[in-house]
Amino acid sequence: MMLFLRTLPGIRGHTITLGKIRFSSTLAFIEATRDGKVSIPSMSAIHAAQKLKNPITAIIIGSHAPGIAKQLQSSSTDLGLQEILVAEDATLNTYLPEVVTPLLQNVLGTVDKYTHFVMANSSIGKNIIPRLAAVLNYQAICDVTEILDATTFKRPIYAGNAIATIGSQQKLNMITVRPSSFSITKQVQKNMISPNIPIKQVQTSEVNDDIKWESDALLDNDKRPDLTSAKTVITGGVSLKDKEHFESLLDPLANTLNAAVGATRAAVDGGFCDNSLQIGQTGKIVAPDLYVAIGVSGAIQHLAGMKGSKVVVAINKDADAPIFKVADYGLQGDLFDIVPELTEKLQEMQS
Ligand SMILES: Cc1cc2nc3c(=O)[nH]c(=O)nc-3n(C[C@H](O)[C@H](O)[C@H](O)COP(=O)(O)OP(=O)(O)OC[C@H]3O[C@@H](n4cnc5c(N)ncnc54)[C@H](O)[C@@H]3O)c2cc1C
């Protein structure tokens, strides 16, 4: 909604426009999991949107959208949503930026309603936001870790070695938020604000034929907890020697602890695992309750992706390895002896 104030005659015959008062309003982008649930990073996006203290509209796209809208509507916690927009279209399931951008451009660009657009700094968010911000001609503010107020945000720079405080005077603030910084901890009682959230359909745009999603392959790791939101992460370094050792040592331990598996860039470059497992400055950011670093030196670029972890366990044969400086528990020794023994002991404890 928009209010117009009157235009006053100004000094020396000029006209001073006192301007328009726009009510603040946030559009939060919700990602679906493969089985049609709200992704955990998207719950963090909603949590971040709540901190902006504006009315929140959620937008959900793809064939799971109506089901997810119903889930949000009947959520046992009050998410502070005022409205849910649904674009049910299977071509949006892949979240290809070329396909999603025209739709979001339409919603954000044609209605002068939203002052904020929030999405998780997930692979999907990182893929979509640059294109969307470019077409709408705004500066995206990415990987926000703290919202001070509706126009002031904190985000890490220089691989997390400094924190920038960004003041924005943009008409539309397009932000991606780091999921681990906005985890939902407090359960708010339902029905405090909006018991019946209206669901509205959004017109989908014409599909861009130039870009086509060819195929989809599910990695074994995709069957495990999502790396960015897992409570336990087991990470292997290049010292695991090769793909066979990486899998034969880490998988049983990860299965025992119901953990996600991560890797250093050196391990990814060595072809031990898919690059979606990389943690660090140029990989994923994780902040689990328990992070187990196996044969990881603790290079600054790696620490940038995991130093928010609550408890860090490091296994390394070098007592001077930098990872021990951030570790709560350190095991100095050969990982090829320690890891099988640790896995066995944990399995014994569970049986
Ligand atoms: C621009 C840039 C971006 C980067 N981004 C990332 C990133 O996102 N993520 C990332 O991880 N890296 C990143 N890197 C690379 C980073 O600098 C390191 O090279 C990398 O993290 C090292 O991986 P590593 O710990 O597996 O290997 P190494 O540094 O070689 O460490 C191996 C460790 O294993 C120990 N070890 C060896 N054998 C055993 C054994 N048998 N038992 C126990 N311990 C053993 C060694 O003591 C050593 O500490 C980036 C680098 C640059 C320049």
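The values are calculated or read from the model by the stated rules, or taken from the named source; none is laboratory data. These numbers were taken from a predicted model, which means no experiment stands behind them. Here Cβ is always computed from backbone atoms with ideal geometry, including for glycine, and neighbour counts include all displayed protein chains. The area values use the complete protein model at the heavy-atom level, side chains included, leaving out ligands, DNA and RNA. Shrake-Rupley method; radii C 1.70, N 1.55, O 1.52, S 1.80 Å.
When only residues in segment 92-103 that are outside any loop (DSSP other than H, G, I, E, B) and out of contact with any Ser or Thr (no Cβ under 8 Å at 6 or more places or on another chain) count, which is most open to solvent (accessible area, probe 1.4 Å)? Let's see the steps before the verdict.
Quick first cut of segment 92-103, residues outside any loop (DSSP other than H, G, I, E, B) only: 92, 97-103.
Subset that is out of contact with any Ser or Thr (no Cβ under 8 Å at 6 or more places or on another chain): 97-98, 100-101.
Numbers: P97: 13, E98: 42, V100: 0, T101: 4 Å².
Checked segment 92-103; the qualifying residue most open to solvent (accessible area, probe 1.4 Å) is E98.
Suppose the filter is among the aliphatic types (A, V, I, L, M), within 8 Å of the ligand (Cβ to nearest atom), in contact (Cβ under 8 Å) with a residue 24 or more places away in the chain and farther than 18 Å from F324 by Cβ; does A259 pass it? Before you say what the answer is, go through the steps one by one.
Numbers: among the aliphatic types (A, V, I, L, M): yes; within 8 Å of the ligand (Cβ to nearest atom): no; in contact (Cβ under 8 Å) with a residue 24 or more places away in the chain: yes; farther than 18 Å from F324 by Cβ: yes.
When the stated conditions are applied, A259 does not pass them.
Residues are listed down the side, and each one gets a yes or a no for (1) modelled with pLDDT of 95 or more; (2) aliphatic (A, V, I, L, M):
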site	(1), (2)
L104	yes, yes
K113	no, no
M119	yes, yes
S122	no, no
P130	yes, no
A134	yes, yes
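Residues that are open to solvent by 50 Å² or more (accessible area, probe 1.4 Å), over 18 Å from the mean Cα position of the chain (by Cα) and touching a residue at least 12 places away in the same chain (Cβ under 8 Å): does segment 273-283 have at least one?
Among the residues of segment 273-283, at least one is open to solvent by 50 Å² or more (accessible area, probe 1.4 Å), over 18 Å from the mean Cα position of the chain (by Cα) and touching a residue at least 12 places away in the same chain (Cβ under 8 Å), which makes the answer yes.
Go through segment 305-339 and report how many residues are open to solvent by 50 Å² or more (accessible area, probe 1.4 Å), near the ligand (Cβ under 9 Å from one of its atoms), in a helix (DSSP H, G or I) and free of Cβ contacts under 8 Å to residues at least 40 places away in the same chain.
Summing the residues that are open to solvent by 50 Å² or more (accessible area, probe 1.4 Å), near the ligand (Cβ under 9 Å from one of its atoms), in a helix (DSSP H, G or I) and free of Cβ contacts under 8 Å to residues at least 40 places away in the same chain in segment 305-339 gives 1.
Looking only at segment 110-155, count how many residues are without any contact (Cβ under 8 Å) to a residue 60 or more places away in the chain, hydroxyl-bearing (S, T, Y) and in a loop (DSSP other than H, G, I, E, B).
The total comes to 3.
Taking segment 291-304 only, how many residues are among the aliphatic types (A, V, I, L, M), more than 6 Å from the ligand (Cβ to nearest atom) and surrounded by 18 or more Cβ atoms within 10 Å (Cβ to Cβ)? Full working, then the answer.
At the first step, the residues of segment 291-304 found to be among the aliphatic types (A, V, I, L, M) are 292-294, 296, 299-300, 303-304.
Next, only the ones that are more than 6 Å from the ligand (Cβ to nearest atom) stay: 292-294, 300, 303-304.
Subset that is surrounded by 18 or more Cβ atoms within 10 Å (Cβ to Cβ): 292-294, 303-304.
Going through segment 291-304 one residue at a time, the tally reaches 5.
Take the residues in segment 225-249 that are free of Cβ contacts under 8 Å to residues at least 60 places away in the same chain and under 19 Å from the mean Cα position of the chain (by Cα); name whichever of them is most open to solvent (accessible area, probe 1.4 Å).
Residue satisfying both the conditions and the ranking: K231.
Tally time: how many residues in segment 156-179 are part of a loop (DSSP other than H, G, I, E, B), within 22 Å of F23 (Cβ to Cβ) and of a type in the set (S, T, N, Q)? Full working, then the answer.
Going through segment 156-179, the residues part of a loop (DSSP other than H, G, I, E, B) turn out to be 158-161, 168-172, 178.
When the remaining residues are screened for being within 22 Å of F23 (Cβ to Cβ), the result is 168-172.
With of a type in the set (S, T, N, Q) added as a condition, the list becomes 168-170.
Going through segment 156-179 one residue at a time, the tally reaches 3.
So which residues in segment 155-180 are among the charged types (D, E, K, R) and either buried (at least 20 other Cβ atoms within 10 Å of the Cβ) or under 19 Å from Q281 (Cα atoms) (or both)?
So in segment 155-180, the residues among the charged types (D, E, K, R) come out as 155, 171, 178.
Correct list: R155, R178.
Go through segment 277-290 and give me each residue that's under 16 Å from V238 (Cα atoms) and more than 8 Å from the ligand (Cβ to nearest atom). Before the answer, list the steps.
Residues of segment 277-290 under 16 Å from V238 (Cα atoms): 277-280, 283.
Residue satisfying the conditions is L277 alone.
So S76 passes all but one of these: (1) touching a Ser or Thr at 6+ places or on another chain (Cβ under 9 Å); (2) at pLDDT below 95. Which condition number does it fail?
Of the numbered conditions (1) touching a Ser or Thr at 6+ places or on another chain (Cβ under 9 Å); (2) at pLDDT below 95, the odd one out for S76 is (1).
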